[in-house]
Amino acid sequence: MRSVLTRAAGGIGQLFVGTSPRPVIQENEVLIRTCAAGLNRLDIMQREGKYPVPAGASTIMGVEVSGIIEESKYPHFKAGDRVMSLLSGGGYAEYVSCRGELCLPIPSNLSFHQAASIPEAWLTAYQLLNLIGDFKNGESVLIHAAGSGVGLALIQLCKCWGAKHIIATSRSESKLITCKEYGATNVVNTKDYPEFSSEVLTATDGRGVDLVLDCVGGNYLDENVKSCVFEARYVLYAIMAGAKANINLARVVQKQVKLITTRLRSRPLQYRSDLVSKFSELLPYFEDGSFKLLIDSVYGMDDVQEAHKRMESNENTGKIILEISKE
Ligand SMILES: NC(=O)c1ccc[n+]([C@@H]2O[C@H](COP(=O)([O-])OP(=O)(O)OC[C@H]3O[C@@H](n4cnc5c(N)ncnc54)[C@H](OP(=O)(O)O)[C@@H]3O)[C@@H](O)[C@H]2O)c1
C-alpha cells in the first residue's frame, strides 16, 4: 500500500511516499481504508525523532483518520461502515488497522475531511477538561494557542459545559477573531501582552481563572500561575515554547496550584477506549451543528512535505488534513 515514510529523522525533506505492507488485523481490530488523516504537532516531533513511538504501534506517522471499514474482526462494526478513529500510529497510509473500541461512526452530515479532524483534537480536549482538569460548570478557563485544532475544540466544549469566562490566547490577531467566533468570551494576544496575567485578571474582575490549559510552557508558566485563583488546576499538555521555565515557586505554593500533565497517545487501551465511549455521547452536537470543525487546509498525500511545512509555520487556524484517497 502507499504510505508516507521517512528516510531518517529530520526536516520535511525526509518525508516521501513509498510502499509498506498492508496491515493484517487481529481479533477485535478493524482494517480501515483511509480517506483522510489529520495532522498533529506530534507528527512533526515524530518526524524529527523527538517523539518515541509507543511500544507495538506502527512507525508510520498519523494518529487520527477517517475512512471506510474494509474488514472487521470487531462485532460492532462491519465492512462498509464510515468511521473515524484514534490511532497509536499508522494513519498516513492507504490502510490502517486499529482496535474497534477506538473507532466512532461518522455523523452523516460530516465529510471524511471533517471527520479526520475530530479524533485526536477533540478527544484530547475532552480528556483535558473532563478527566484531567476536572472542569465544572461556571468556572473560568484560560486556553493558550487557542486557534489550534485542540484549542478550538476546548473553546467549544467550555462554552457547551457552561464556562463563565473562556479566555483564549494566540500570537495572531486573525486566530483571535476566530476564537471569538467559536465562543471565547475574551481574547489576549500574547505577542502584544507577554505579561498576559494582567489581562486575565482584568477579564475576570480581579479573580483569576480556575483552570489553565497550556500547550506552550516555557515563559508562560509564571504568568499562568499569576492568572490562577487559589487552588486552581494548571494542565500542561505540551511544551512548544520549550522545556525550561523561570518560575516563582513561592507563588505556586501560596496559591496551592495543582500542576497536572498528560499524554493521550501513551495512555493504555482501556483508558482510551473509555474516553472514546464517553465522547461518543457528544456526536449529536456535531450532527446538529452545535460543534463546528475548522479545516485550515487539505493536502494530497504527495504534498505531505507542504502540509508539514504549513504546520511548522504556525499559520494554520484549525486543522490541516492529508487526503489519502478519494471516497
Ligand atoms: N498531551 C496530549 O495528549 C496532546 C494531544 C494532542 C495535542 N497535544 C498538543 O496540543 C497542542 C495543539 O495541537 P494541534 O495539533 O492542535 O496544534 P496546531 O494546530 O499546530 O497549533 C499549535 C499552535 O501553538 C502555537 N505555538 C507554537 N509554538 C509556540 C511558541 N513557541 N509559543 C507560543 N505559542 C506557540 C501556535 O499558535 P499561535 O499562532 O496562536 O501562537 C500554533 O499554531 C500541541 O502542542 C500538541 O503537541 C497534546
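The values are calculated or read from the model by the stated rules, or taken from the named source; none is laboratory data. Computed from a predicted model, the values in this text were never measured in an experiment. Because the Cβ atoms are built from the backbone with ideal geometry, glycine has one as well, and the counts that use them run over all protein chains shown. Note: accessible area is taken over every heavy atom of the protein model, side chains too, but ligands, DNA and RNA are not part of it. Shrake-Rupley method; radii C 1.70, N 1.55, O 1.52, S 1.80 Å.
If one computes the Cα centroid of the stretch 34-96 and of the stretch 231-300, what distance in Å separates the two points?
20 Å
Using only alpha carbon pairs under 8 Å that are at least six residues apart, calculate the relative contact order of the chain and give it in whole percent.
Values: 734 pairs, mean separation 57.9, N = 327.
The normalised contact order for the chain reaches 18 percent.
Can you give the extra length, in nm with one decimal, that the chain gains between LYS278 and ILE247 once fully stretched, where that is 0.36 nm per residue apart less the Cα-Cα distance? Display every interim value, and only then the final one.
Details: separation 31, 0.36 × 31 = 11.16 nm, distance 3.61 nm.
Contour length minus Cα-Cα distance gives 7.5 nm.
Residue separation times 0.36 nm, minus the C-alpha to C-alpha distance between TRP161 and VAL229: what's the value? Before the final figure, lay out each step's value.
Details: separation 68, 0.36 × 68 = 24.48 nm, distance 1.99 nm.
Here the segment from TRP161 to VAL229 would lengthen by 22.5 nm.
Highest mean first, how do 152-160, 273-281, 41-49 rank when packing is the count of other Cβ atoms within 10 Å averaged over residues? Before the final figure, lay out the partial values.
On the way: 152-160: 24.8, 273-281: 15.0, 41-49: 18.2.
Output ranking for 152-160, 273-281, 41-49: 152-160, 41-49, 273-281.
Charges at C-beta only: +1 for Lys and Arg, -1 for Asp and Glu. How large is the resulting dipole of the stretch 119-220 about its Cα centre, in Debye rounded to 20? Don't skip to the answer; put the middle values down first.
Working: 8 positive and 11 negative charges, 33 e Å.
Result for the stretch 119-220 is approximately 160 debye, rounded to the nearest 20.
Calculate the dipole size of the chain relative to its Cα centre from +1 charges on Lys and Arg beta carbons and -1 charges on Asp and Glu beta carbons; express the result in debye to the nearest 20. List each step's numbers first, then the result.
Details: 35 positive and 36 negative charges, 118 e Å.
Magnitude of the dipole: close to 560 debye.
Would you mind working out the magnitude of the charge dipole of the stretch 1-86 relative to its Cα centre, with +1 at each Lys and Arg C-beta and -1 at each Asp and Glu C-beta, to the nearest 20 Debye? Don't skip to the end; give the middle numbers.
On the way: 10 positive and 8 negative charges, 49 e Å.
Using Cβ point charges on Lys, Arg, Asp and Glu, the stretch 1-86 gives about 240 debye.
Compute the relative contact order of the stretch 223-271 as a whole-number percentage, counting only Cα pairs closer than 8 Å that sit 6 or more residues apart in sequence.
Working: 40 pairs, mean separation 24.7, N = 49.
Normalised by residue count, the contact order of the stretch 223-271 is 50 percent.
For Cα pairs less than 8 Å apart in space and 6+ apart in sequence, what is the mean separation divided by the residue count of the stretch 1-130, i.e. the relative contact order in percent?
Working: 286 pairs, mean separation 36.4, N = 130.
Over the stretch 1-130, the number comes to 28 percent.
Can you pull the three principal axis extents for the Cα set of the chain, in Å, largest first?
57, 40, 34
Accessible area of the stretch 122-261 with a 1.4 Å probe: how many percent of it is carbon plus sulfur?
Working: 3010 of 5880 Å².
Percent of accessible area from carbon and sulfur atoms in the stretch 122-261: 51.
Taking Cα atoms, how many degrees apart are the long axis of helix 149-160 and the longest axis of the chain, rounded to 10 and kept between 0 and 90?
60 degrees
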